[in-house]
1. Taking square-rooted eigenvalues a ≥ b ≥ c of the alpha carbon gyration tensor, is segment 45-92 rounded, prolate or oblate, where a/c under 1.5 means rounded and, failing that, a/b exceeding b/c means prolate?
2. For segment 291-381, which GluC sites (Glu not before Pro) are in a loop by DSSP, counting at most 16 other Cβ atoms within 10 Å?
3. In percent, what relative contact order does the chain have, based on Cα pairs under 8 Å that are 6 or more apart in sequence?
4. Classify segment 173-302: rounded, prolate or oblate, from the alpha-carbon gyration tensor (a ≥ b ≥ c, eigenvalue square roots; a/c under 1.5 rounded; otherwise prolate if a/b is larger than b/c)?
5. Please go through segment 21-88 and write out the trypsin sites (Lys or Arg not before Pro) that DSSP classes as loop and that have at most 15 other C-beta atoms within 10 Å.
6. State to the nearest 20 debye the size of the charge dipole of segment 258-380 about its Cα centre, where the only charges are +1 on K and R beta carbons and -1 on D and E beta carbons.
7. Based on Cα positions only, what radius of gyration and what Dmax would you give for the chain, in angstroms?
8. Counting other beta carbons within 10 Å of each residue's own, what order do Cys56, Cys39, Cys159 fall into, fewest first?
Amino acid sequence: MAEHAPVPFLRPQLPPLTEVQRYFTLAEQARFYSNGGPCERLLRERLSDYLDGATCIPVNNATSGIIVAVLGAVHQAGTRGRGLVVTPAYTFVATAGSIEALGYRPLFVDVDPDGWQMDPDALERALAEHGHDVAAVLATHTFGTPPPAGLQDRWAGACAARGVPLVVDTAAAFGAVDEAGSRTGTATGTHVFSFHATKPFGVGEAGMISTRDPELARLLDGIRQFGFAEGRVASLPGINAKMDELHAATALTVLDTYADVLAARRSTAEFYRQHLEPAGFRFQTGSAGGTWQAGYLQAPDPAARDALLVAGREAQVGITAYYERPLHHHPAYAHALLESALPVSEALSASALALPMANDLTEVERARVVEVVLATVGAAA
Ligand SMILES: *Cc1c(COP(=O)(O)O)cnc(C)c1O
């Protein structure tokens with residue numbers, strides 16, 4: 001029975017401290033450990049190069065980054081005093097948590113069945129009905145997969161037509177490329193990335209906001225440091241969402257070899273796709289260019305999903321349900337407004353699976369995952 005070693009769901013990997021030290025030395029020499037020290041300044045340059053010249057503002061995690069980005073966006077658009085923020089129901093709880101922390105009530109809209117991304121028709125209906133009370137729209141790039149450019153243009157068009165700002169929670173999508181080859185965060189718009197240890201770009205507790213709007217970038221820079229725009233006078237509603245030098249040094253180190261990380265994850269995802277698509281598993285449209293925080297897919301039906309969760313536990317293979325329930329089924333968000341009954345989010349949640357993923361998942365391990373999945377679904381059929 002002990003012939004198979006367990007395969008964990010995720011196996012995060014940060015660079016060794018000896019490598020981080022090469023960058024952190026800059027901070028030590030300057031005796032400058034936060035508030036925009038030499039590592040953070042260098043990181044801003046390197047991230048901006050990576051995102052084709054967008055302004056990149058390091059933050060301490062994506063959740064506070066979303067708070068900063070939404071505060072800046074509603075300040076700029078003059079919509080701060082309104083009551084609602086539109087967001088998809090099929091996302092991670094932090095998306096709605098940021099909205100709640102700002103005192104807004106979420107207005108959940110559905111996602112589309114193939115891309116699992118915020119449905120632009122649902123967004124338009126939500127804005128037509130509630131637009132006068134919508135402070136902002138908080139879209140996502142579900143599971144770090146970029147929606148097609150045409151879909152993102154529809155989000156932007158619907159928001160612009162109503163004068164409502166758009167912020168995009170692209171937490172897991174750092175390094176993602178859409179079908180036209182453009183990296184998430186390079187286009188216009190405000191994008192918030194997570195550099196959490198479990199994300200593909202794993203740094204610890206860290207993140208980044210990107211924008212091509214210089215006025216908004218100045219606002220966001222101020223909001224993330226107590227609302228200081230000039231000197232030590234708070235002219236904006238601010239929090240402390242700064243990134244310290246040790247995390248900036250770690251992020252610089254991760255960026256140096258990030259292409260290898262993405263290649264390894266996409267190779268494992270492609271292996272899952274080749275073996276599991278023929279068995280009736282469905283993959284997210286556009287996910288070939290995603291970042292693959294985990295091996296996200298849809299089981300053929302809810303019974304197969306539930307059987308796989310049991311089989312994974314028994315075989316010690318980290319098979320997980322993601323997202324296990326849409327946000328309106330979390331008690332904290334039961335009071336939210338719903339644009340519809342959200343049937344796609346409901347259906348996706350009932351069949352959603354996430355398979356093991358790691359930078360260094362071995363061929364033996366990924367073959368073991370596929371073996372356990374096919375043994376279970378074959379038996380259930
Ligand atoms: C991971 C994640 C977050 C939270 O990021 P943190 O950096 O941990 O705050 C927010 N939204 C989505 C969609 C995520 O996947």
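1. Prolate.
2. Here the sparse-neighbourhood loop sites are Glu324.
3. 23 percent
4. Cα axes put segment 173-302 in the prolate bin.
5. Working: sites: Arg22, Arg31, Arg41, Arg44, Arg46, Arg80, Arg82; in loops: Arg31, Arg80, Arg82.
For trypsin sites (Lys or Arg not before Pro) across segment 21-88 that sit outside H, G, I, E and B with at most 15 neighbouring Cβ atoms in 10 Å, the list reads Arg31.
6. Values: 9 positive and 13 negative charges, 10 e Å.
So the dipole magnitude of segment 258-380 works out to roughly 40 debye.
7. Computed over the Cα atoms of the chain, radius of gyration and Dmax are 20.8, 67 Å.
8. Working: Cys56 22, Cys39 31, Cys159 25.
The order, fewest Cβ neighbours first, is Cys56, Cys159, Cys39.
No value in this document is a laboratory result; all are computed from the given coordinates. These numbers come from a predicted model, not from an experiment. Positions of Cβ are backbone-derived with ideal geometry, glycine not excepted, and every protein chain shown enters the neighbour counts.
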